[in-house]
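Asks: To start, I am sharing the structure in question, which I have written as structure tokens.
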Amino acid sequence: MAGAEWAARAAALGLIAWMLAAMLGRGSRATSRRAADGPALADSLAAWSADARAESLWVRLDTAPGPVTRAWLRALSRAGSQVTWSAAHATPVVIAMIPLADPAGGARILVSAPRGARVRVADQVSMLDSALVRGPARSMAVPPTYGAVSARVTLPNGDTAVVARTVPRTAPPPRAVLVIGAAGWESKFVILALEERGWSVQARVRLTPTMMVTQGATPIDTAHVSAVVALDSTADADAGAIARFVRDGGGLVLAGRTAASPPLRALAAGGVGARVVPAALAFTSDMPRRALGFWPVAPLTPNAVALEMRDGRVAAAARRLDAGRVVQLGYDDTWRWRFADGDDAPAAHRAWWSAVVASVAYRSEAAATTRPPTAARLTLDDPAPFAATVAALGPPVRAGAFSATHPRQSGGGSPLRLWVLPVILLLLLFEWGSRRWRGMT
Amino acid sequence: MVSPSPFVFATAQYESGDWDSAPLVPANIIDTIARYTSIAVAPAGITVPLSSPDLSRYPFVFLTGHLPVRLTRAEQAQVGRFIDRGGFLFVDDHNHDVDGAFHKTATEELRRAAGPLVEVPNTSPLYSAFFHFADGPPTTSQELNGWGDNLVHPHLFGVMRAGRIAVLYSNKDYSSEWGYHAENKRFQSVDNTRFAVNIIVYALTR
């Protein structure tokens with residue numbers, strides 16, 4: 001019996017020694033898990049930052065966290081805590097905003113969201129547009145915006161809204177656009193439309209074989225010009241400079257039959273077919289260009305894409321040429337649109353020409369004004385919340401796994417101690433009881 | 001290879017007065033344009049009613065006459081819209097008389113339809129758009145012979161839109177000065193229609 005007493009005493013002392021060793025080994029850095037969900041997270045983050053023992057952090061959210069929460073969790077992660085997160089509705093959404101090279105401002109917004117989702121884009125003043133996502137991304141052109149622009153995505157099941165937001169970057173105004181053409185109404189009203197839209201317009205308008213009206217004489221290069229509009233074969237004389245300009249990143253618009261001109265043919269998006277007479281007698285606000293005649297773009301060059309079709313023919317096409325872009329417009333005599341019935345015809349004509357030029361115009365990114373980010377900007381600029389969170393914290397775990405294995409709020413403590421202490425107590429009690437039974441004190 | 005739509009010299013037909021008082025001017029000016037420039041120009045002019053929507057097909061319109069002018073409401077509306085869209089209206093007083101019926105009424109009608117007429121400075125690009133006229137508008141034989149109001153008018157007038165001349169108004173009677181058959185230019189030491197080139201080039205490039 002004395003052997004059993006010694007064994008119990010030794011086991012109890014051994015367990016005590018093991019516990020002491022474990023405590024001393026980990027010291028004050030004893031592993032401790034912390035967990036919190038959405039409503040309690042703000043308070044928990046502050047507490048965890050002051051808690052040196054918070055080694056394992058579990059965060060349960062409805063959606064991907066915002067920039068501030070994400071940055072805080074990332075800081076905790078970089079400081080040594082293991083951060084694990086889950087979100088019930090972690091839908092990947094991305095918003096990108098590309099300023100248009102248009103003096104009137106505006107931007108192209110691309111929103112990537114799950115297929116079938118409805119996207120509502122708004123700035124800080126009003127809603128800008130809404131659309132259904134049918135492909136990998138949805139593109140929409142928007143007018144000048146105010147403040148941050150957000151995309152609110154409602155999934156097909158209708159009960160989830162995810163927000164991505166971005167702050168438009170300040171873009172420099174585009175450089176001049178050079179219009180080259182013979183003296184005529186088309187050159188006059190293209191120049192006028194672009195000037196009225198706010199473009200700085202240079203012009204070379206031919207009056208005789210040796211006489212030209214010039215407006216702003218600068219070299220045709222990307223240091224001075226953002227786009228060239230060639231209205232007819234008057235541009236042949238500058239074909240070499242125009243080709244270099246496009247290959248360096250400049251934009252080129254070939255209007256009417258200009259693409260058939262041999263010196264410019266190599267730059268075109270396609271050949272030039274037989275002229276198609278206007279399909280409508282009068283301009284209408286919904287399909288105004290049906291009242292214009294056009295030279296079909298045919299055949300397309302291999303890397304060209306059709307931008308506008310009319311009655312099965314390509315009325316406008318575009319291609320890349322090294323760093324530059326070329327748009328080939330089949331339409332001629334577009335000035336008639338400006339004189340069409342309806343008060344909005346001049347504005348529509350202006351906007352269309354400006355959009356065509358803006359689609360190819362060169363804009364130096366180096367000239368973009370970069371301002372240091374402010375706290376407010378960092379808070380507002382969250383174009384891809386899900387992707388940013390994955391990049392910062394790793395992929396999320398399933399929400400179910402989170403709740404099954406971890407308490408919602410834990411004060412810490414090792415479960416080992418819960419059974420060790422009673423065992424030690426029982427071993428010592430057995431040893432004491434045995435000695436008393438044997439009559440020993 | 002140029003635009004398929006050539007320049008068309010259009011003469012305005014209006015309800016009142018004698019809009020067709022200078023029938024030889026269009027052909028003469030068309031000849032001048034073809035003679036001095038490579039601007040694609042239609043071989044014949046056309047007449048367009050001032051009240052017609054067809055006015056918008058011809059952004060350059062010539063208007064002349066001797067008699068009082070009273071524009072109808074439709075004509076006023078079309079003229080206002082025409083110049084707001086970028087059209088160019090060239091009005092010439094065939095009387096060469098600032099006290100004449102045409103001048104008094106046409107200037108008032110233009111004011112109502114388009115806005116006030118202001119003096120066009122003789123340094124205007126109009127006078128250097130093609131040929132150079134250092135002294136402003138060239139004089140006409142009607143002025144030098146003392147016909148009409150017996151004055152040499154030193155300036156033309158205009159209704160301005162965004163810094164450009166939208167309506168050009170002349171008291172100099174170019175309608176008489178240019179009213180002859182184009183083949184008779186060969187009898188002149190200096191072609192007196194050269195200023196018409198400036199007007200049309202200005203209209204096409206400004």
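The values are calculated or read from the model by the stated rules, or taken from the named source; none is laboratory data. Being a predicted model, the structure only gives us computed values, none of them experimental. FYI the Cβ positions are ideal-geometry reconstructions off the backbone, even for glycines, and counts take in every protein chain you see. Calculation scope for accessible area: heavy atoms of the full protein, side chains included, ligands and nucleic acids excluded. Shrake-Rupley method; radii C 1.70, N 1.55, O 1.52, S 1.80 Å.
Asks: Pop out a list of residues from segment A:166-199 that are at least 40 Å² less accessible with all the protein chains around than in their chain alone; 1.4 Å probe, no ligands or nucleic acids counted.
Replies: Residues shielded by partner chains are A:Ala183, A:Trp185, A:Lys188.
Asks: What's the extension gain from A:Ala71 to A:Ala291 if we count 0.36 nm per residue and subtract their Cα-Cα distance?
Replies: Stretched fully, the A:Ala71-A:Ala291 segment lengthens by 73.6 nm.
Asks: Now a separate question. Can you give the net charge of the other residues whose Cβ lies under 13 Å from the Cβ of B:Pro116, counting K and R as +1 and D and E as -1?
Replies: My count for the surroundings of B:Pro116 gives 0.
Asks: Next up: Mind listing the phi-derived Karplus ³J(HN,Hα) values for segment B:107-119, rounded to whole Hz, using 6.51, -1.76 and 1.60 with θ = phi - 60°, and x for any glycine or proline?
Replies: 5, 5, 5, 5, 4, 6, 7, 10, x, x, 7, 10, 5
Asks: Mind telling me which of A:Thr69, A:Thr374, A:Thr84 comes out most flexible in a GNM of chain A, alpha-carbon contacts under 10 Å?
Replies: Checking each option, the largest mean-square fluctuation is seen for A:Thr374.
Asks: Then there is this: Give me the residues in segment B:157-206 whose solvent-accessible area, probe 1.4 Å, is reduced by at least 40 Å² once all protein chains are included instead of the chain isolated.
Replies: Those are B:Leu204, B:Thr205, which lose 40 Å² or more relative to the chain on its own.
Asks: Still on this structure, I have one more. Which residues does the label zone of B:Leu24 cover in segment B:127-147, counting backbone N under 14 Å from a point 7 Å along Cα→Cβ?
Replies: Answer for this model: B:141-142.
Asks: Please list the helices of chain A that count as membrane-span-like by this rule: a mean Kyte-Doolittle hydropathy of at least -1.0 together with Cα atoms stretching 20 Å or more along the helix axis, each helix being a complete DSSP H run.
Replies: A:2-26, A:345-360, A:416-437
Asks: Simple spin-label model, 7 Å along Cα-to-Cβ: A:Ala280 to A:Asp381 in nm?
Replies: With each label point 7 Å from Cα toward Cβ, the separation is 4.3 nm.
Asks: Name the lysines eligible as straight-distance cross-link partners of B:Lys104: C-alpha to C-alpha under 20 Å, and not fewer than 8 places from it in the same chain.
Replies: B:Lys172
Asks: Another question, then. Connecting C-alpha atoms closer than 10 Å in a GNM of chain B, tell me which of B:Asn122, B:Asn171, B:Asn184 has the biggest fluctuation.
Replies: Residue with maximal mean-square fluctuation among B:Asn122, B:Asn171, B:Asn184: B:Asn184.
Asks: Continuing with this model, one more query. Determine the shape class of segment A:184-248: with a ≥ b ≥ c the square roots of the Cα gyration tensor eigenvalues, call it rounded for a/c under 1.5, and otherwise prolate if a/b is greater than b/c, oblate otherwise. All intermediate terms of the calculation are to be shown ahead of the outcome.
Replies: Details: a/c = 1.77, a/b = 1.11, b/c = 1.59.
Oblate, because a/c is 1.5 or more while a/b does not exceed b/c.
Asks: Let me ask something additional. Ignoring ligands, DNA and RNA, what percent of the 1.4 Å accessible area of the protein assembly as shown is carbon and sulfur? Show your work: numbers first, answer last.
Replies: Working: 16910 of 29530 Å².
Ligands and nucleic acids excluded, carbon and sulfur reach 57 percent.
Asks: Let me ask another. If you take the accessible area of B alone, add that of A alone, and subtract the area of the pair, what total do you get in Å², probe 1.4 Å, to the nearest 100?
Replies: 2400
Asks: Determine the calculated [θ] at 222 nm for the protein assembly as shown from helices alone, applying -39500 (n - 2.57) to every DSSP H run no shorter than 4 residues and normalising by the residue count; nearest 500 deg cm²/dmol.
Replies: -9500 deg cm²/dmol
Asks: Roughly what % antiparallel, to the nearest 5, for the DSSP beta bridges in chain B?
Replies: 30
Asks: Turning to a different aspect of this structure: Can you give me the accessible area per residue for chain A, using a 1.4 Å probe, in Å²?
Replies: Working: 21270 Å² over 441 residues.
Dividing the accessible area of chain A by its residue count gives 48 Å².
Asks: Can you list residues whose amide H is under 5 Å from B:Arg161's amide H, if they're 5+ apart or on another chain and H is modeled 1.01 Å from N?
Replies: Distant-sequence amide H within range of B:Arg161: B:Ala166.
Asks: Running a GNM on chain A with Cα contacts under 10 Å, which residue among A:Phe245, A:Phe283, A:Phe294 ends up with the highest mean-square fluctuation?
Replies: The residue with the greatest mean-square fluctuation here is A:Phe283.
Asks: Taking the Cβ of B:Tyr202 as the center, what net charge do the other residues with Cβ under 12 Å away carry, scoring Lys and Arg +1 and Asp and Glu -1?
Replies: Once positives and negatives cancel, what remains is +3.
Asks: Here is a follow-up. What's the FRET efficiency of B:Asn122 with A:Arg78 using the Cβ-Cβ distance as r and R₀ = 45 Å, to the nearest 0.05?
Replies: 0.05
Asks: Leaving out ligands and nucleic acids, note down the accessible area per residue over segment B:10-205 with a 1.4 angstrom probe, in whole Å². Could you put the intermediate results ahead of the total?
Replies: On the way: 7780 Å² over 196 residues.
Accessible area per residue: 40 Å².
Asks: Still on this structure, I have one more. Note the full-extension length gain between A:Arg320 and A:Leu425 as 0.36 nm times their separation in residues minus their Cα-Cα distance, in nm to one decimal.
Replies: Roughly 29.6 nm would be gained on extension.
Asks: Another question about this same structure. Counting only protein heavy atoms, probe 1.4 Å: which residues of segment B:52-92 lose 30 Å² or more of accessible surface in the full assembly compared with their chain by itself?
Replies: B:Ser56, B:Arg57, B:Pro59, B:Arg81, B:Arg85, B:Gly86
Asks: Then there is this: From the phi of every residue in segment A:377-382, what ³J(HN,Hα) in whole Hz does the Karplus formula 6.51 cos²θ - 1.76 cosθ + 1.60 yield, where θ is phi - 60° and glycine or proline is x?
Replies: Going residue by residue, I get 5, 4, 5, 7, 8, 9 Hz, with x marking Gly and Pro.
Asks: Could you tally the net charge around A:Arg134, taking each other residue with its Cβ under 14 Å from the Cβ of A:Arg134, Lys/Arg +1 and Asp/Glu -1?
Replies: On the way: positive: A:Arg115, A:Arg118, A:Arg138; negative: none.
Residues close to A:Arg134 contribute a combined charge of +3.
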